[in-house]
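Chemist: Please find one structure pasted underneath; my questions will follow.
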Amino acid sequence: MRRKKWIRTVNLFCCLCIITPMLTGCWDRLEIEERAVVLGVSIDSVKSDHSQEEEGEVSHLNNSIPAPNKSLIRVAVQIALPGRIPLGPGESGGGNGPAEKTVWVIDVVGHSIDDAFMNLQQQVSSRLFFGHLRVIVVSESVAKKGLENINDYFRRNPEVRRMAWMMISKGRAIRFMDATPKLERVPTLYLMSTLDEGSRMGKFPKDYIGIFWSNLSKKGQEGFLPYVELKKEQNIEIKGLAYFRGDHLVGITKPLEIAGYLGIKGVNPAGYRVFIQPGDASTAIMTNTTHRKATTKVQIKDNVPHFTITISVELNIEEKLSENIQFNNPAILKQYEKKQEEVSLKFYTDIIKKTQEKGSDIFGFGEYVRGKKPSFWNKNVKSAEGWQKMYKDSTFDIKVSMKLRRIGMKAK
Amino acid sequence: MPINKKKSKTKAIAVGPSSVLERHKGEQISTQMEQTISFIQNILGVNEDLTIRRFHVFGQHPAVIIYFSNMVNQSTINVDIVKPLMYVPNHLIGCSIEIGQLIDVLQNDTLYHGESELESELTTLIESILRGETVVVVDGLDKAFLLGTRNIDKRAIDQPATEQVIRGPREGFIEPLGTNISLIRYRLQSPDLRVETMGIGRRTKSKVAICYMDGITNPKLVKEVNRRLSKIDIDGVLDSGYLEQFIEDNHYSPFPQVQYTERPDKVVANLLEGRVSILVDGSPLALVVPTVFSQFYQTVEDYTERYLLMSSIRLARLIALMFSLIFPSIYVSIISFNPELIPTEFAVAVAGGRAGVPFPAIIEVLIIEISMEVLREATIRLPQQVGGALSIVGVLVIGQAAVSAGFASPITIVIIALTTIGSFATPAYNAALALRLLRFPLIILAGTFGLYGVMIGLILIANHLLSLKSFGVPYLSPLVPTEFQGVKDLIIRGPLWAMNKRPSFLQPMDASKMAANELDNSTDQASNALDPKNDINQQEG
Amino acid sequence: MQDRQITVIQAAAILVSSIIGVGVLALPLFAVKAAESGAPLVTFLGMLLAFVGLFLITVLGMRFPDKSVIEYSQDIIGKGLASFGSVLIIVFFAVLTSLTAREFGEVVVTSVLRSTPVEVTVIVMLLLAAISTRNEITTIAYIHTFYFPLLLVPVLLIVALSLKNAEAINLLPVWGNESKGMMKGTLTIAALFQGTFVLSAVIPSMNKPQNAMKASIGGMLIAGGLYVIIVAAAVSVFGAEEIKQLLWPTLELAKATSLPANILERLDAAFLAVWVTAVFTTLLSSYFLTIHSISKLFRLKDHKLFSYFILPFVFTMAMLPQNIVEMYEIIVNVGQIGLCITIVYPGLLLLISILRKKRGNSVEKKKVDQNR
């Protein structure tokens, strides 16, 4: 009995031991409203030289701890203003009207991302919190110089989510932070939903920052990002694919060429519509792709990878431009299918050619070589650079089959 | 309240059991009636309600009848005891009755009263009078008659207030032990039902009944219950809760290791499973041992309704149970540590709601939690007519006011309200209490380490639960150690015909509850008695 | 004397939860470093190698169903040599305990509680384990069984949810492009299974020691299967090259998945929170094994005496690595040294015991022996 009592005392003592650090604890407690919730970040390059003066010497001192000799970047953040975003649905500010901004945009310059954020932190009272960072907009010019530093920072920071979107902007990226689209209370969320919905409608492949990073690291694949432009109503247009070679932006596609990418990868759902006109303009119809399927096979021919891509697409007719044509017999549909196959074949070949010129294999053909022909890969390619060269010489054989399935509610 | 009276009187004497009785222990009744009277008068005479009435048996032998007038049924005494004693029975008229024969005559020919026995020890007389029995002493006899005339006002058998059901019996235990045992016997008319009694409490001498089923309950368990009960040496047992605190295994645990119930049908069901039930005179709550955790979220109704529906309701109850334990702490840790977990839109909105609140989330939650506890406590204490009004005032007005005063954020109020409601969904009040208490350390841990801290707290709680035992039965059985038969009645409630075994962690003597193929038996002979095709009327029409 | 209550299922649960712990977080990185897309294969090989060790321990345990490794090694190779081996085992598992606690502390401090001192997270975990080792071995078995679903559910959930981002091509070729690191990787991964050694302390309390082999096969299949699944999921989602860039790919996998309907937008913090239980059970096992072995070495009946006694030592050892890179280097090195202790040493013991025809009393025979 006595021994039990002794054990109890020890137990009690240990409980105290646990509790004591707690009383001094709460190291990490930071209330949600005390955090500066960063929703979006934009990164621009800085042109003029006098911006050097704008920068405070926060993370470096010009004479003792010099900054790396790298050109400055301008980083803008969009911080949510907690008080301004009403709780619950539709309970908006009333008299103040929609003009009241729900976010706060601040921009700073810095030598690197972290440098810029530190400059920013020096100006903002609450701690910057990246847990809800949803959109990173990088201007075209920065992307051309390379994203190494940007990727490294965001990958290292544990708060940043892999489900965020990174996009390349046409023109200055900071304008995306300032934009005030009408649909969402928070502008960044609109940007994000443009892309999220886009990928749900088949307008754009799923390309979260995490997927971009994975593609970037793969030896047989290059990354790509959405290329966006701000329109005059503060809305955002997906302008194409910005494709990379290594960390550097090397080219941009047209919007429809996104469909080409989706087709070659066989991504569903399919969301693009195209014109087909077997004859003159009056025969033009518009078709809607409903389902895609693509298989890629790789062979080695003459010591060069040869890919056979089979794409089968199912289509619906959405509109026609004149009453000259009647969809009342299968032969007509066949005719259209045939025409579209011809057009598509060229279309797909062109896209691949375009990326081949830049040595940027955004489709991941190299991965097929690595996965299916490892001995060839080990002998001839080995590294990402090797594949970038090899990709240019690769040959392709594309087979397209189009199937017009439905013609809508109209009988003819 | 004779018990209290006795207590107040003897308090002055000494510690320990009544020293007067102790002193006179073993003394025999003398043939001198006056001596006996004076003995009783000495000890109990101060009490105003002690009635000592002298009369003559058969008109010749002086006798006295002694009782506490408030504890007995007067008319029984008048008609069944005094009257027959005064008159010589018809068939003996004329015979002379010697003093030697008197006892036999009185016992066999005179007293109509059923409950009567002879007693020769003086101290027992005192005890019997205190219990509400009537003592008849006849001059010249060295034995006295003890007659069970106890009649204490009791309330009617009522609906159990804390364990109401929609489908199931409506009877609940009341205070007197005898009634409670009758309620059990009435449901379990089996020769195997054993009711052992003992008196516990130095002063109250409360009658404690131990019920079990012979041939089902493991005798080791009965022995252990008896052992633990007999070790109890306290002043008074005013409720079964007193006993609970002495027979439980771990006295420091917040978790109840003994279940209590006021439903006789629940006791019977437990007896049939192989448990032991303990009833105390004066308490409407029976104890059931051994107890495992799953009993606290099961209700009688689970077994009376269809199993599919009750399984889902039991699931809801389990969720409510978890809610009431961890909801506030998860809220605190998400708000102050990991806001990245919740959707961005919601996070921004929460931040908006909290923008004007001056306190950190943990303080805010603690304040609201504590005021909720105060409200709850106040509602129990207040008279019923006022209570309803207060709870509405408390919940609606204070909550609303707290939000608009910038004292708490609306989401906090929602969280705490859900938590409180969740804790009411737990059928067992004592288990709900334990979880209610453990919520606070969890909130503090959440405020220190976030989700990590909550998890540490939960692990500590779970480890404690796993190390608990009730009469040797692991507290979380049949989950751990896993017993596949028992799992059928754990999270879901399996169909009755599938649960044909008694819980094996109780190590019952007879393991099976019903025929193994009970379902087949009952559906075998089923015929469509009223099949329309056999309907003569229809065929004719 | 001893109460033999632990069932086969409980023993298997002990094995699984002893194996699966903080190692899972970095596991895909180790595997990918060794063989790129052949990572699942390496994991599988590591599991096979680890099973050899477990097999030896189980066979030895079944030969001596009443004794733990500390005791029967004395019967087999004599007191002096055995004590040396036992001390090695004790030291190794003390180090393993401290490294596990430190590694998890680092994970927590890096990813969730960024300004909390690492000492605090380490000491909290160690204290939790120390307090829990004060229970009887049956209670410890209950603890392991109880948390068993908590290991399976989050991992399977994350794997299932991440499948929509998976690409099969990432897993090809199955033996990896470069297979030079295969051997070393197998060793590294086999070292992650060393918690299985706890079986040597469990067998003396099993109600049917002759069924121990069932438990070890079952436990190894579940744990190894889970490991392979995790590695395969991580590789198929990220690709081998990306995993090389991530310190804790499994955690990153949790980060990249969200529950349907966005109830939780990212699972990393939640996963880490649930994973506390997994780490706790691993720690509990190695901590228990350490103190159990010490008490057996000193021929004490009660293992509880040492629960708090070795805490300061373990804690100090946990604080020794100066940074996270050094810590991982130590973990890999210690793990490989440990293979000698958990595979070679039992192998030797078994060999000698077969040669010298040593055998303990089996449980059924014991009664007969007593009657004689």
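The values are calculated or read from the model by the stated rules, or taken from the named source; none is laboratory data. Just so it is clear, the structure is predicted and the values come from calculations on it, not from any experiment. All Cβ positions, even for glycine, are placed from backbone atoms using ideal geometry, and neighbour counts span all protein chains on display.
Chemist: Looking only at region C:57-73, which residues are farther than 15 Å from C:Leu355 by Cα and surrounded by fewer than 21 Cβ atoms within 10 Å (Cβ to Cβ)?
Modeler: C:Met62, C:Asp66, C:Lys67, C:Glu71
Chemist: Right, here's the next one. Is it true that some residue in region C:104-112 is at pLDDT 85 or above and more than 14 Å from chain A (Cβ to nearest Cβ)?
Modeler: yes
Chemist: Still on this structure: Can you run down the residue pairs with Cβ atoms below 6 Å, 6 or more apart or on separate chains, where the first is in region A:120-131 and in the same structural domain as A:Val41 (by TED's automatic domain parsing) and assigned to a helix (DSSP H, G or I) and the partner is of a type in the set (A, V, I, L, M, F, W, C) and modelled with pLDDT of 85 or more?
Modeler: The qualifying pairs are A:Leu120/A:Val108; A:Gln121/A:Leu128.
Chemist: Ok, one more. Restricting the search to region B:330-344, which residues are assigned to a helix (DSSP H, G or I) and either more than 7 Å from every other protein chain (Cβ to nearest Cβ) or farther than 19 Å from A:Val135 by Cα (or both)?
Modeler: Going through region B:330-344, the residues assigned to a helix (DSSP H, G or I) turn out to be B:330-336, B:339-341, B:344.
Scanning region B:330-344 gives B:Ile330, B:Tyr331, B:Val332, B:Ser333, B:Ile334, B:Ile335, B:Ser336.
Chemist: Residue by residue through region B:101-115, note down the ones that are of a type in the set (Asp, Glu), surrounded by fewer than 14 Cβ atoms within 10 Å (Cβ to Cβ) and under 13 Å from B:Pro89 (Cβ atoms).
Modeler: The first filter runs over region B:101-115 and keeps only residues of a type in the set (Asp, Glu), leaving B:104, B:109, B:115.
Right, trim to surrounded by fewer than 14 Cβ atoms within 10 Å (Cβ to Cβ) and you get B:104, B:115.
If the condition is that a residue be of a type in the set (Asp, Glu), surrounded by fewer than 14 Cβ atoms within 10 Å (Cβ to Cβ) and under 13 Å from B:Pro89 (Cβ atoms), then B:Asp104 is the only one that fits.
Chemist: Moving to a separate point now. Is it the case that B:Ser96 is in a loop (DSSP other than H, G, I, E, B) and polar (S, T, N, Q)? Steps first, please.
Modeler: Working: in a loop (DSSP other than H, G, I, E, B): yes; polar (S, T, N, Q): yes.
So B:Ser96 fits the description; yes.
Chemist: Every residue in region C:237-285 that is more than 9 Å from every other protein chain (Cβ to nearest Cβ), in contact with a Pro (Cβ under 7 Å, 6 or more places away or on another chain) and under 18 Å from C:Pro149 (Cα atoms), please.
Modeler: If the condition is that a residue be more than 9 Å from every other protein chain (Cβ to nearest Cβ), in contact with a Pro (Cβ under 7 Å, 6 or more places away or on another chain) and under 18 Å from C:Pro149 (Cα atoms), then C:Phe271 is the only one that fits.
Chemist: If A:Lys354 satisfies all but one of (1) within 24 Å of A:Lys265 (Cβ to Cβ); (2) more than 14 Å from chain C (Cβ to nearest Cβ); (3) part of a loop (DSSP other than H, G, I, E, B), what's the number of the condition it fails?
Modeler: (3)
Chemist: Answer yes or no: is there a residue in region A:223-246 that is within 12 Å of another protein chain (Cβ to nearest Cβ) and in contact with a helix residue (DSSP H, G or I) (Cβ under 7 Å, 6 or more places away or on another chain). Break it down into steps so the answer makes sense when it comes.
Modeler: Step one: filter region A:223-246 for residues within 12 Å of another protein chain (Cβ to nearest Cβ), giving A:223.
Narrowing further to those that are in contact with a helix residue (DSSP H, G or I) (Cβ under 7 Å, 6 or more places away or on another chain): A:223.
Among the residues of region A:223-246, at least one is within 12 Å of another protein chain (Cβ to nearest Cβ) and in contact with a helix residue (DSSP H, G or I) (Cβ under 7 Å, 6 or more places away or on another chain), which makes the answer yes.
Chemist: Based on this model, can you work out whether B:Phe449 counts as within 30 Å of C:Ile14 (Cα to Cα) and either out of contact with any Phe, Trp or Tyr (no Cβ under 7 Å at 6 or more places or on another chain) or facing chain C (nearest Cβ under 10 Å) (or both)? Walk me through it before giving the result.
Modeler: On the way: within 30 Å of C:Ile14 (Cα to Cα): yes; either out of contact with any Phe, Trp or Tyr (no Cβ under 7 Å at 6 or more places or on another chain) or facing chain C (nearest Cβ under 10 Å) (or both): yes.
So B:Phe449 fits the description; yes.
Chemist: Additional query: Hey, can you tell me all the residues within region B:105-146 that are in a loop (DSSP other than H, G, I, E, B) and not acidic (Asp, Glu)? If you could, list the steps in order and put the result at the bottom.
Modeler: So in region B:105-146, the residues in a loop (DSSP other than H, G, I, E, B) come out as B:111-115, B:120, B:132-133, B:139-143.
Within region B:105-146, B:Leu111, B:Tyr112, B:His113, B:Gly114, B:Ser120, B:Gly132, B:Gly140, B:Leu141, B:Lys143 qualify.
Results for (1) closer than 30 Å to A:Ile32 by Cβ; (2) of a type in the set (A, V, I, L, M), shown as yes or no for each residue.
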{"residue": "B:Val289", "(1), (2)": "no, yes"}
{"residue": "B:Gln295", "(1), (2)": "no, no"}
{"residue": "B:Thr299", "(1), (2)": "no, no"}
{"residue": "B:Thr304", "(1), (2)": "no, no"}
{"residue": "B:Met310", "(1), (2)": "no, yes"}
{"residue": "B:Arg317", "(1), (2)": "no, no"}
{"residue": "B:Pro328", "(1), (2)": "yes, no"}
{"residue": "B:Asn338", "(1), (2)": "yes, no"}
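Chemist: Name the residue, out of A:Leu230, A:Leu262, A:Leu191, A:Leu216, that is closer than 19 Å to A:Asn151 by Cα and touching a residue at least 12 places away in the same chain (Cβ under 8 Å). Break it down into steps so the answer makes sense when it comes.
Modeler: Values: A:Leu230 fails: closer than 19 Å to A:Asn151 by Cα; A:Leu262 fails: closer than 19 Å to A:Asn151 by Cα; A:Leu191 fails: closer than 19 Å to A:Asn151 by Cα.
After ruling out the rest, the residue left standing is A:Leu216.
Chemist: Can you find even one residue in region B:275-293 that is in a helix (DSSP H, G or I), touching an Asp or Glu at 6+ places or on another chain (Cβ under 8 Å) and either under 20 Å from B:Leu506 (Cβ atoms) or touching a residue at least 24 places away in the same chain (Cβ under 8 Å) (or both)? Talk me through it step by step, then tell me what you get.
Modeler: If we filter region B:275-293 for residues that are in a helix (DSSP H, G or I), which is where we start, we get B:293.
If we keep only those that are touching an Asp or Glu at 6+ places or on another chain (Cβ under 8 Å) too, we end up with none.
Checked against the condition, which is being in a helix (DSSP H, G or I), touching an Asp or Glu at 6+ places or on another chain (Cβ under 8 Å) and either under 20 Å from B:Leu506 (Cβ atoms) or touching a residue at least 24 places away in the same chain (Cβ under 8 Å) (or both), region B:275-293 yields no hits at all.
Chemist: Has region C:155-169 got any residue that is away from chain A (no Cβ under 14 Å), out of contact with any Asp or Glu (no Cβ under 6 Å at 6 or more places or on another chain), surrounded by 19 or more Cβ atoms within 10 Å (Cβ to Cβ) and not aliphatic (A, V, I, L, M)?
Modeler: No, region C:155-169 contains no residue that is away from chain A (no Cβ under 14 Å), out of contact with any Asp or Glu (no Cβ under 6 Å at 6 or more places or on another chain), surrounded by 19 or more Cβ atoms within 10 Å (Cβ to Cβ) and not aliphatic (A, V, I, L, M).
Chemist: Regarding region B:364-380, can at least one residue be identified that is away from chain A (no Cβ under 14 Å) and buried (at least 21 other Cβ atoms within 10 Å of the Cβ)? Step through it out loud before you land on a result.
Modeler: Going residue by residue through region B:364-380, those that are away from chain A (no Cβ under 14 Å) are B:367-380.
If we keep only those that are buried (at least 21 other Cβ atoms within 10 Å of the Cβ) too, we end up with B:368, B:372.
Within region B:364-380, one or more residues are away from chain A (no Cβ under 14 Å) and buried (at least 21 other Cβ atoms within 10 Å of the Cβ).
Chemist: Quick one: which of A:Asp107, A:Asp115 is farther than 20 Å from A:Asn215 by Cα, in the same structural domain as A:Gly223 (by TED's automatic domain parsing) and in a strand (DSSP E or B)?
Modeler: A:Asp107
Chemist: Which of the numbered conditions does A:Lys382 fail, given that it passes all the others? Conditions: (1) farther than 27 Å from A:Ile211 by Cβ; (2) within 14 Å of another protein chain (Cβ to nearest Cβ); (3) surrounded by fewer than 17 Cβ atoms within 10 Å (Cβ to Cβ); (4) not β-branched (Val, Ile, Thr).
Modeler: The failed condition is (1).
Chemist: Let me ask something else. Kindly indicate which of B:Ser391, B:Ser324, B:Ser312 is at pLDDT 85 or above and either surrounded by fewer than 23 Cβ atoms within 10 Å (Cβ to Cβ) or within 14 Å of chain A (Cβ to nearest Cβ) (or both).
Modeler: On the way: B:Ser391 fails: at pLDDT 85 or above; B:Ser324 fails: either surrounded by fewer than 23 Cβ atoms within 10 Å (Cβ to Cβ) or within 14 Å of chain A (Cβ to nearest Cβ) (or both).
Among B:Ser391, B:Ser324, B:Ser312, only B:Ser312 is at pLDDT 85 or above and either surrounded by fewer than 23 Cβ atoms within 10 Å (Cβ to Cβ) or within 14 Å of chain A (Cβ to nearest Cβ) (or both).
Chemist: Among the candidates A:Val46, A:Val77, single out the residue that is farther than 30 Å from B:Ile334 by Cβ and modelled with pLDDT of 75 or more. Outline the logic, then answer.
Modeler: Working: A:Val77 fails: farther than 30 Å from B:Ile334 by Cβ.
Testing whether each residue is farther than 30 Å from B:Ile334 by Cβ and modelled with pLDDT of 75 or more leaves just A:Val46.
Chemist: For region B:447-469, give me each residue that is polar (S, T, N, Q) and buried (at least 24 other Cβ atoms within 10 Å of the Cβ). Please lay out each step first, then the result.
Modeler: Narrowing region B:447-469 to residues polar (S, T, N, Q): B:448, B:463, B:467.
Matches in region B:447-469: B:Thr448 only.
Chemist: Here's a follow-up. Do we find that B:Phe346 is under 30 Å from A:Pro82 (Cβ atoms) and among the aromatic types (Phe, Trp, Tyr) in this structure? Full working, then the answer.
Modeler: On the way: under 30 Å from A:Pro82 (Cβ atoms): yes; among the aromatic types (Phe, Trp, Tyr): yes.
Considered against the rule, which asks whether it is under 30 Å from A:Pro82 (Cβ atoms) and among the aromatic types (Phe, Trp, Tyr), B:Phe346 comes out as yes.
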